[in-house]
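In what follows, a single structure is set out as structure tokens and then discussed.
The values are calculated or read from the model by the stated rules, or taken from the named source; none is laboratory data. On a predicted model such as this, the values are computed, not experimentally measured, just so you know. Virtual Cβ from ideal backbone geometry, glycine too; neighbours counted across all protein chains shown.
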Amino acid sequence: MKKNKIYRAPYLSELLLKLFFPDRGNYTTVGDLAETFNFIAAEDGLFRARIWYYGQFYKSIIPIIINLCYWGVEMFLNYIKIAFRNLLKYKAFSVINIIGLSTGLMCAVLIYLYTVDELSHNKVYDNSENIYRLVNINYDNEGNVTRKFHSAPAVLREILPEYFEGSIKRVTTIMHRRGVIKKDDNLFNERVMFAEHNFFETFSYPLIYGDASSILKNENNIVITEEIANKYFGNEFPVGKELRGVFGEVEKAFTVSGVAKNPKENSSYVFDFIVNIENQRLFYNDNPGSHRLKNLGDFSAKIIVTLNEGINVSLLNNQFERFVNQTFEKDLPLHRRFNEITSDQIPFTFGLQNIRNVRFDNSVYGGKDISTLYILIGIATIVLFIACINFMNLSIGRSSIRFKEIGVRKVIGAKRRDLFKQFWSESVLISLVSMVFGLLLTYLVLPIFNELSGKELEFSMFINPMNLLAILILTLFVGTIAGIYPSLILSKIQPVKIFRGNFNFGGKNFFTKSLILTQFSLSIFLIISTIVLSDQINYMLNKDVGYDKEGIITVEVQERTAERSNAVVDNYFNKIKNYNSVLGVSATNDAFGKHSSSRSYIHKDDKQVLVRRYNVDHNYFDLLNIELIEGRNFSRNLSTDTSSVIINEACAKELGLANTVGEEVKLFDRIPLKIIGITKDYNFQSLQERISPVILYSRPDFGRYFILAKVSAINISETLEFMKSKWSEVSPNKPFNYSFVDDDLKALYEEDKKWQSIIGFSSVLSILIACMGVFGLMTITISKKVKEIGIRKVLGASVIQIVNLLTKDFLKLIIVANIIAWPLAYYVMQKVLQDYYYRISIGIEYFLTAGISTIFIALLTVLYLTVKAAVKNPSDSIRTE
Amino acid sequence: MKLLSRQEEMLLLAVWRLQHDAYGVLIREKLKEITGKEWAFGAIFTMLDRLVHKELLTSYLTDPTPERGGRSKRIYQLTIDGKKALVEIKQIEKAMWEGIEGIGLENN
């Protein structure tokens, strides 16, 4: 026997044994086995020693595991059984917990759905990892990026594949044009997509009829969606039917060649109608020089590039500067001037951006700010957290009921860990039950949520392994968050103290109080936010915008050229202006009350001002009741005032002239315009933005594309009917497209309204849940104080004194919660309101309203309980001891 | 007090005989030596645990040794109660055998 040789016992078996022997880390048993192993190895050889060791391992590990499993399952079943008994026994608490948690979970699930949907933007397309959009990146004089747009000249569709040969698999170009689609006598204004014939190869929209590769090949084909097919054809079979498209003066018959499933909203390239992009040619037959498909200067197309597998995008992106220098060589000076670049800095380049990243990239025009998503997640977390706090508080407050159970369990031999496991599994069970209800609620609430969020979420989307796993994790997480503190507290209790009887616990718990404080602070915060937001929206809707918006109807002329449009306008005026419900008519070049976009520079000496410009007539100011503070209106005779301009106060201020009226400014630095009047500032845009400089001129040779008519408030439907009938006489090929200006204005604040209602809902939910929790806690407190109340009453306390006694502490808490929430809400809302140029000031009244209403609601909650306790006959409560 | 079982008695005696070397491996060796049977580790440890629980044995840890892969030994020792229990069982056995010459098979 070689004395000093040491043999190593099989590693894995030893490890497992160590894992299962609860030997407080000393492993003396494992040590004994190792020693014997050594001994046998020295005597009989390593092989036999191993055999022996495995034998020992097998013999010990199997019973250990069986034992663990058996008792694990047995105890777990017992925990579940007790948990269910408790659920049924204390119904009020179970209901409070389950309602709270399931509402919280509902919020979480809804926001989860929303987030998943938002983040999966454009992921619906197969092969989306290889699809990129071409982004136009503009620079300023210092070489900083100024603006990014998803737009490019359509002609690049021919140049790009050659230039980047081998990298680019497919280029898909998209343009849009508004037009009228005719089927027999039905006219509808529609937006038509002009797309490359390979559109359906790039974007894998499921087709109901038609084949992706050939559906758009023919220039006479048109592809529509299921919805459109229903709108135009009803039950008829759409394929092969004719639809006529009218774009300005161009009219063309298309044959429906395919029907696509309605595109999902969470993709960038949705459509109603698609025709082949070569049809753009129709519009430029008489003027090939301005042909959009050939013109390098026309940045009006969206270009989507599909790359070959395994191409490095950043390498391609580096080549665009050279590409622009070569391709746009002739136009670069023009672009430099446009971007105000004096050096030889390149004015713009292109970049490829994967379409999956476009939703939350707000550096590119049209991208969303991802913080909205964070805010939503934050709100859902708040509601869920408030519900978790209820669970914690009620479990702790109620713990005295379970002292005996805990004591007995401990005496019988439960360790702290076992009790912890028990309470933990109880809270997970409750959270599981709540999740079931929460999902049910989600199912019921989803349509409302869709309305609010403008989404098309479906519950069925939810049923996939990924989401179910997420739900399970969420449930466990919530169960743990809600259960961890009570479990720690309850498992800590010493049985001796319990049985001795004078164990006081929970009543004046600092932790409980701070939790209630948190709940109410958060609720109050949400309430203040709701009030402030809705007030801001009301303010924007009701603020005097500087003109009359009541009863003004806008009608879109839908003609392309100034000549034709003005002819329609004048004709129409003659037909309707004598009708007694039409109080006045006017016309302008741009929609009123919507976001307007045409901006240009006017120059005065070396000064330049960026203005929005409107072509109007002399009726404009009277019709809208816009006040002229200086100068005069355009003269009635259109021809004499063609080189006159009326500006608004903001513009006058920016020009900063001593005597504004009578001066001359130059539009586009070349057209001279004489200022004849100044209007009071009026809000022609959303009140989120400052009133910007505006110039109004009256030139009959410039187009006026929108008719403004003021109608009297009585018999509106009759008036509209009249206007419509006259419209079809004037412009038989165009639908009567009208809207009320005040509706348009309201539409500007849709987004804000959405936020207001989302936050409003969550504040209502949170305060409700918080109050339910308080209700539960108050029940516990009162049940503990029954004797105290009885004795106080015997000694002469009045009902009011007792109610006061019970609610005093609680009231203090809510007041403190107010004090915490106010500065927080003030800070956050101040930040939010900074986005609005015209905003309300956050006065103390918002905080007082929120504070008083929370106190009122909370008092109402506890009052019932306290009064009931206070009027109780003391002989009942102190009869027995 | 409950009487010791025979196995417990043997185990206690083995511990007493080994004195300061009374840990798992040697206890098993000792029992094998005396009874001529292989004892499973499991059986020994369960019983040792039970005796510690009954406070007939106490145990302490030694310093780790290399031949055990750096693990300590748990050395067992009789307590006063353990000794009393042994004495008691010995007296009872003695009393039971008192006056019995033989049961007729000793010489086979």
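Can you confirm whether the range A:229-242 contains a residue that is surrounded by 18 or more Cβ atoms within 10 Å (Cβ to Cβ), of a type in the set (Phe, Trp, Tyr) and not in a loop (DSSP other than H, G, I, E, B)? Lay out the reasoning, then the answer.
If we filter the range A:229-242 for residues that are surrounded by 18 or more Cβ atoms within 10 Å (Cβ to Cβ), which is where we start, we get A:229, A:232, A:238.
Still in the running and of a type in the set (Phe, Trp, Tyr): A:232.
Those still in the list that are not in a loop (DSSP other than H, G, I, E, B) too: A:232.
Yes, there is a match, as at least one residue in the range A:229-242 is surrounded by 18 or more Cβ atoms within 10 Å (Cβ to Cβ), of a type in the set (Phe, Trp, Tyr) and not in a loop (DSSP other than H, G, I, E, B).
Considering only residues that are touching a helix residue (DSSP H, G or I) at 6+ places or on another chain (Cβ under 9 Å) and not charged (D, E, K, R), which ones fall in the range A:336-352?
Here is the first cut: in the range A:336-352, the ones touching a helix residue (DSSP H, G or I) at 6+ places or on another chain (Cβ under 9 Å) are A:341-352.
Scanning the range A:336-352 gives A:341, A:342, A:343, A:345, A:346, A:347, A:348, A:349, A:350, A:351, A:352.
Could you identify the single residue in A:625, A:615, A:633, A:637 that is assigned by TED's automatic domain parsing to the domain that holds residue A:667, modelled with pLDDT of 80 or more, over 39 Å from the mean Cα position of the chain (by Cα) and not hydrophobic (A, V, I, L, M, F, W, C)? Break it down stepwise before answering.
Values: A:625 fails: over 39 Å from the mean Cα position of the chain (by Cα); A:615 fails: over 39 Å from the mean Cα position of the chain (by Cα); A:637 fails: modelled with pLDDT of 80 or more.
On inspection, the qualifying residue turns out to be A:633.
Sort out which residues of the range A:206-228 are at pLDDT 85 or above and under 22 Å from residue A:266 (Cβ atoms), and write them in order of number.
A:206, A:207, A:208, A:223, A:224, A:225, A:226, A:227, A:228, listed by residue number.
Only one of (1) in contact with a strand residue (DSSP E or B) (Cβ under 9 Å, 6 or more places away or on another chain); (2) more than 29 Å from residue A:293 (Cβ to Cβ) fails for residue A:142. Which number is that?
That leaves (1) as the condition not met.
Looking at the range B:53-71, which of its residues are among the acidic types (Asp, Glu) and more than 14 Å from chain A (Cβ to nearest Cβ)? Working first, answer last.
The initial filter retains those residues of the range B:53-71 that are among the acidic types (Asp, Glu), namely B:55, B:63, B:67.
Across the range B:53-71, the qualifying residue is only B:55.
Given the criteria away from chain A (no Cβ under 14 Å), in contact with a Lys or Arg (Cβ under 7 Å, 6 or more places away or on another chain) and among the basic types (Lys, Arg), does residue B:17 qualify?
Values: away from chain A (no Cβ under 14 Å): yes; in contact with a Lys or Arg (Cβ under 7 Å, 6 or more places away or on another chain): yes; among the basic types (Lys, Arg): yes.
Considered against the rule, which asks whether it is away from chain A (no Cβ under 14 Å), in contact with a Lys or Arg (Cβ under 7 Å, 6 or more places away or on another chain) and among the basic types (Lys, Arg), residue B:17 comes out as yes.
Which residue pairs have Cβ atoms closer than 8 Å, lie 6 or more positions apart in sequence or on different chains, and pair a first residue in the range A:290-317 that is on the phi < 0 side of the Ramachandran plot with a second residue that is among the acidic types (Asp, Glu) and not in a loop (DSSP other than H, G, I, E, B)?
So the pair list comes out as A:293/A:278.
Taking the range A:823-855 as the search range and keeping residues that are surrounded by fewer than 11 Cβ atoms within 10 Å (Cβ to Cβ) and not in a helix (DSSP H, G or I), which one is nearest to the chain's Cα centre (by Cα)?
Of everything passing the filter in the range A:823-855, A:834 is nearest to the chain's Cα centre (by Cα).
Looking at (1) β-branched (Val, Ile, Thr); (2) away from every other protein chain (no Cβ under 14 Å); (3) more than 18 Å from residue A:423 (Cβ to Cβ), which is the only condition residue A:98 fails?
Single failed check for residue A:98: (3).
Does residue A:478 qualify as being assigned by TED's automatic domain parsing to the domain that holds residue A:430, modelled with pLDDT under 85 and part of a helix (DSSP H, G or I)?
It is false that residue A:478 is assigned by TED's automatic domain parsing to the domain that holds residue A:430, modelled with pLDDT under 85 and part of a helix (DSSP H, G or I).
When you go through A:342, A:349, A:381, A:306 one by one, which is the residue that is hydroxyl-bearing (Ser, Thr, Tyr), assigned by TED's automatic domain parsing to the domain that holds residue A:519 and out of contact with any Leu (no Cβ under 8 Å at 6 or more places or on another chain)?
A:381
If residue A:457 satisfies every condition in (1) over 25 Å from the mean Cα position of the chain (by Cα); (2) at pLDDT below 85 but one, which is the exception?
Only one criterion in (1) over 25 Å from the mean Cα position of the chain (by Cα); (2) at pLDDT below 85 is unmet by residue A:457, namely (1).
Residue A:518: outside any loop (DSSP other than H, G, I, E, B) and modelled with pLDDT of 85 or more, yes or no?
Judged against the criteria, residue A:518 is a match.
Which pairs have Cβ atoms under 7 Å, sit 6 or more apart or on different chains, and link a residue in the range A:392-418 that is touching a residue at least 24 places away in the same chain (Cβ under 8 Å) to one that is assigned to a helix (DSSP H, G or I) and among the hydroxyl-bearing types (Ser, Thr, Tyr)?
What qualifies is A:392/A:485; A:393/A:512; A:396/A:512; A:397/A:512; A:416/A:491.
When you look at residue A:797, is it buried (at least 16 other Cβ atoms within 10 Å of the Cβ), aliphatic (A, V, I, L, M) and within 27 Å of residue A:371 (Cα to Cα), yes or no? It would help to see each step written out before you state the result.
On the way: buried (at least 16 other Cβ atoms within 10 Å of the Cβ): yes; aliphatic (A, V, I, L, M): yes; within 27 Å of residue A:371 (Cα to Cα): no.
Criteria not met by residue A:797.
Residue check: is residue B:101 within 14 Å of chain A (Cβ to nearest Cβ) and free of Cβ contacts under 8 Å to residues at least 60 places away in the same chain?
On the way: within 14 Å of chain A (Cβ to nearest Cβ): no; free of Cβ contacts under 8 Å to residues at least 60 places away in the same chain: yes.
Considered against the rule, which asks whether it is within 14 Å of chain A (Cβ to nearest Cβ) and free of Cβ contacts under 8 Å to residues at least 60 places away in the same chain, residue B:101 comes out as no.
Scan the range A:74-88 and tell me whether some residue there is among the β-branched types (Val, Ile, Thr), under 40 Å from the mean Cα position of the chain (by Cα), more than 14 Å from chain B (Cβ to nearest Cβ) and farther than 30 Å from residue A:764 by Cα. Spell out how you get there, then give the answer.
First pass over the range A:74-88, keeping only residues among the β-branched types (Val, Ile, Thr): A:80, A:82.
From what's left, under 40 Å from the mean Cα position of the chain (by Cα): A:80.
From what's left, more than 14 Å from chain B (Cβ to nearest Cβ): A:80.
Right, trim to farther than 30 Å from residue A:764 by Cα and you get A:80.
Taking every residue of the range A:74-88 in turn, at least one turns out to be among the β-branched types (Val, Ile, Thr), under 40 Å from the mean Cα position of the chain (by Cα), more than 14 Å from chain B (Cβ to nearest Cβ) and farther than 30 Å from residue A:764 by Cα.
Is one or more of the residues making up the range A:328-338 among the aliphatic types (A, V, I, L, M), at negative phi and crowded, with 18+ Cβ neighbours inside 10 Å? Working first, answer last.
The initial filter retains those residues of the range A:328-338 that are among the aliphatic types (A, V, I, L, M), namely A:332, A:334.
Within this subset, residues satisfying the condition of being at negative phi are A:332, A:334.
With the extra rule that they be crowded, with 18+ Cβ neighbours inside 10 Å, the set shrinks to none.
Looking for residues that are among the aliphatic types (A, V, I, L, M), at negative phi and crowded, with 18+ Cβ neighbours inside 10 Å, one finds none in the range A:328-338, hence no.
Within the range B:72-82, can one find any residue that is free of Cβ contacts under 8 Å to residues at least 24 places away in the same chain, closer than 30 Å to residue A:54 by Cβ and within 14 Å of chain A (Cβ to nearest Cβ)?
Within the range B:72-82, the subset free of Cβ contacts under 8 Å to residues at least 24 places away in the same chain is B:72, B:80.
Adding the requirement that they be closer than 30 Å to residue A:54 by Cβ leaves B:72.
Then keep just the ones that are within 14 Å of chain A (Cβ to nearest Cβ); that gives B:72.
Yes, that holds for at least one residue.
Taking only the range B:5-41 into account, find how many residues are touching a Gly at 6+ places or on another chain (Cβ under 7 Å) and surrounded by fewer than 17 Cβ atoms within 10 Å (Cβ to Cβ).
Counting residues in the range B:5-41 that are touching a Gly at 6+ places or on another chain (Cβ under 7 Å) and surrounded by fewer than 17 Cβ atoms within 10 Å (Cβ to Cβ) gives 0.
Are there strands (runs of 3 or more DSSP E) fully within the range A:108-197 with at least 1 residues that are free of Cβ contacts under 8 Å to residues at least 40 places away in the same chain? List them. Lay out the reasoning, then the answer.
Working: elements: A:131-139, A:145-149, A:168-183, A:186-195.
Filter on the range A:108-197 gives A:168-183.
Among the residues of the range A:276-292, is any surrounded by 14 or more Cβ atoms within 10 Å (Cβ to Cβ), closer than 17 Å to residue A:133 by Cα and in the same structural domain as residue A:197 (by TED's automatic domain parsing)?
Looking through the range A:276-292, none of the residues is surrounded by 14 or more Cβ atoms within 10 Å (Cβ to Cβ), closer than 17 Å to residue A:133 by Cα and in the same structural domain as residue A:197 (by TED's automatic domain parsing).
Looking at (1) surrounded by fewer than 18 Cβ atoms within 10 Å (Cβ to Cβ); (2) among the aliphatic types (A, V, I, L, M); (3) touching a Leu at 6+ places or on another chain (Cβ under 7 Å), which is the one condition that is false for residue A:444?
It fails just one condition, (3).
Among (1) at the interface with chain A (Cβ under 10 Å from one of its Cβ atoms); (2) out of contact with any Gly (no Cβ under 7 Å at 6 or more places or on another chain), which single condition is residue B:50 missing?
(1)
Only one of (1) touching a residue at least 12 places away in the same chain (Cβ under 8 Å); (2) within 14 Å of chain A (Cβ to nearest Cβ); (3) among the aliphatic types (A, V, I, L, M) is not met by residue B:26, so which one is it?
(1)
For residue B:37, state whether it is out of contact with any Phe, Trp or Tyr (no Cβ under 8 Å at 6 or more places or on another chain), away from every other protein chain (no Cβ under 14 Å) and within 19 Å of residue A:33 (Cα to Cα). So that I can check it myself, show each step before the final result.
Numbers: out of contact with any Phe, Trp or Tyr (no Cβ under 8 Å at 6 or more places or on another chain): yes; away from every other protein chain (no Cβ under 14 Å): yes; within 19 Å of residue A:33 (Cα to Cα): yes.
It is true that residue B:37 is out of contact with any Phe, Trp or Tyr (no Cβ under 8 Å at 6 or more places or on another chain), away from every other protein chain (no Cβ under 14 Å) and within 19 Å of residue A:33 (Cα to Cα).
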